[in-house]
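Trainee: What follows is a structure written as structure tokens; I'll ask about it next.
The values are calculated or read from the model by the stated rules, or taken from the named source; none is laboratory data. Here the structure is a predicted model, which means the values were calculated and not measured. Here the Cβ positions follow ideal geometry from the backbone for every residue, glycine too, while neighbour counts run over all protein chains shown. Note: areas computed on protein heavy atoms with side chains; ligands, DNA, RNA excluded. Shrake-Rupley method; radii C 1.70, N 1.55, O 1.52, S 1.80 Å.
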Amino acid sequence: MKLRTRTGTVGEGARRATRVAAAGALALVTVATLGGCAFSRPRVAIPTSYASPTGYGATPTGYPTDSYSPSYSPSPTEETYDPDGRADVTGSNCDFSNSLRQFTYTVSITNPSTTSSYSYDMAVNWMKAKPADGKAYGLHERSIIVGPGATETYTAKYTVNQSSIGQFWYTCQITRAHKTKM
């Protein structure tokens with residue numbers, strides 16, 4: 001068997017067609033990649049309620065427009081003022097003297113403020129203890145000024161206007177300590 005070979009440019013047209021097809025495919029891939037079609041990505045539509053504001057001070061729609069006003073509580077250095085000063089007052093030595101026909105009660109007032117003086121409008125009652133029916137034997141009232149951080153002590157007294165007093169039960173009560181800033 002004899003092998004024949006052809007000589008000439010039989011494949012020249014086929015090569016040109018292949019080159020044109022390859023160049024066209026390369027151009028198509030390039031255009032598809034640059035155009036965003038080569039890899040499919042989901043398209044996301046942004047709602048208009050979340051669009052960026054157009055300029056300073058603009059409020060996007062969908063957000064509340066109420067203004068914020070902060071509330072301030074007193075700083076730890078500020079003192080709070082309670083006009084009922086009974087927490088500042090203690091009493092001791094509740095007593096009655098038969099010979100003097102007199103009730104006595106020792107009252108101590110401590111001003112907790114480190115910066116302000118207060119006037120305390122005091123009331124001390126000697127109450128019937130048995131039966132405890134809310135009746136008072138006597139009342140003592142006094143106003144006293146106490147400086148910052150100071151303690152004032154005094155003896156409250158009430159004299160009974162009867163010449164003879166039998167045996168009875170009593171108790172001492174601080175019923176008022178109204179505090180006023182000076």
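Trainee: Mind checking region 79-182 for GluC sites (Glu not before Pro) that DSSP puts in a loop (not H, G, I, E or B) and that have at most 16 other Cβ atoms within 10 Å? Show your work: numbers first, answer last.
Mentor: Values: sites: Glu79, Glu141, Glu152; in loops: Glu79.
Those that pass, being in a loop and sparsely packed, are Glu79.
Trainee: Accessible surface of Lys135 in the full protein assembly, 1.4 angstrom probe, to the nearest 10 Å²?
Mentor: Counting only protein heavy atoms, the figure is 120 Å².
Trainee: While we're here: When only the heavy atoms of the protein chains count and the probe is 1.4 Å, how do Cys94, Cys172 rank by accessible area, highest first?
Mentor: Working: Cys94 55, Cys172 20 Å².
The ordering from most to least exposed comes out as Cys94, Cys172.
Trainee: Also, quick follow-up: With a 1.4 Å probe and all protein chains kept in place, how do His140, His178 rank by accessible area, largest first?
Mentor: Details: His140 30, His178 85 Å².
Most to least solvent-accessible, the answer reads His178, His140.
Trainee: Something else now. For the pair Ser119/Asp133, report the inter-label distance in nm, with labels modelled 7 Å from Cα in the Cβ direction.
Mentor: Placing both labels 7 Å beyond Cα along the Cβ direction yields 3.8 nm.
Trainee: For Ile145, what residues show an amide H to amide H distance below 5 Å, using hydrogens built from the backbone and excluding near sequence neighbours?
Mentor: Tyr120
Trainee: Taking a 1.4 Å probe, which of Ser143, Ser113, Ser163 shows the most accessible area, and what order do the others take after it?
Mentor: Values: Ser143 75, Ser113 5, Ser163 110 Å².
Reading off the accessible areas and sorting them downward yields Ser163, Ser143, Ser113.
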